[in-house]
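The values are calculated or read from the model by the stated rules, or taken from the named source; none is laboratory data. As the structure is a prediction and not an experimental result, all values here were calculated from the model. Glycine also receives a Cβ, built like all others from the backbone with ideal geometry; neighbour counts cover every protein chain displayed.
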Amino acid sequence: MDQTFSIIKPDATKRNLTGSINSFIEKSGLRIIAQKRIKLSKDQAEKFYEIHSDKSFFSDLIEYMTSEPVVVQVLQGKNAVKKYREVMGATNPENADEGTIRKLFALNVQENSVHGSDSDENASKEIEFFFDEKEIVG
Ligand code: UDP
Ligand code: MG
């Protein structure tokens, strides 16, 4: 079965939205098969978002991602990467479709409540970055 990697981001944990967001995820048919609440270190956040290190928003993004706890999760289901990107909605909530997590919960283009992998290859890398094999319990 396909897997993707998800983060419930600081703006959402701060506003006590973990359960509401996970309810959305589960209603979509995706299964949460691994989960932990952690505070990202600056080093972890910089490595995770390395691909954006040359962007103007990078330092603000790192500050935001380390500001409050996050919940990292592995989601499983058919076409999990594509499906979860659809459930999340566009990066900027102003462009997100009705009924998506970001349309409903995101505050702005930075504080957009959730992360989801953008390819199977990145999903594998991101899952490995945060989880040991034995922490993925099904
Ligand atoms: N981001 C930002 N400003 C921007 C674009 C992105 O602060 O103009 C943040 C936002 O939190 C986003 C993350 O950087 O989710 C990663 O950006 P990406 O383009 O990969 O969007 P995503 O894959 O999360 O939809
Ligand atoms: Mg991305």
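Working carefully through the options 75, 40, 61, find the one that is under 18 Å from residue 109 (Cβ atoms) and not small (Gly, Ala, Ser).
61
Given the conditions (1) within 16 Å of ligand 2 (Cβ to nearest atom); (2) free of Cβ contacts under 8 Å to residues at least 12 places away in the same chain, which single one is not true for residue 27?
(1)
With respect to residue 103, is the statement that it is out of contact with any Pro (no Cβ under 9 Å at 6 or more places or on another chain) and modelled with pLDDT of 95 or more true?
Spelling it out, it is not the case that residue 103 is out of contact with any Pro (no Cβ under 9 Å at 6 or more places or on another chain) and modelled with pLDDT of 95 or more.
Restricted to segment 100-119, and to residues that are more than 14 Å from ligand 2 (Cβ to nearest atom) and assigned to a helix (DSSP H, G or I), which residue is nearest to residue 22 (Cα to Cα)?
Here the residue is 101.
Mind listing just one residue for me: the one in segment 1-32 that is more than 21 Å from residue 107 (Cα to Cα) and surrounded by fewer than 18 Cβ atoms within 10 Å (Cβ to Cβ) and, of those, modelled with the lowest pLDDT?
Result: 1.
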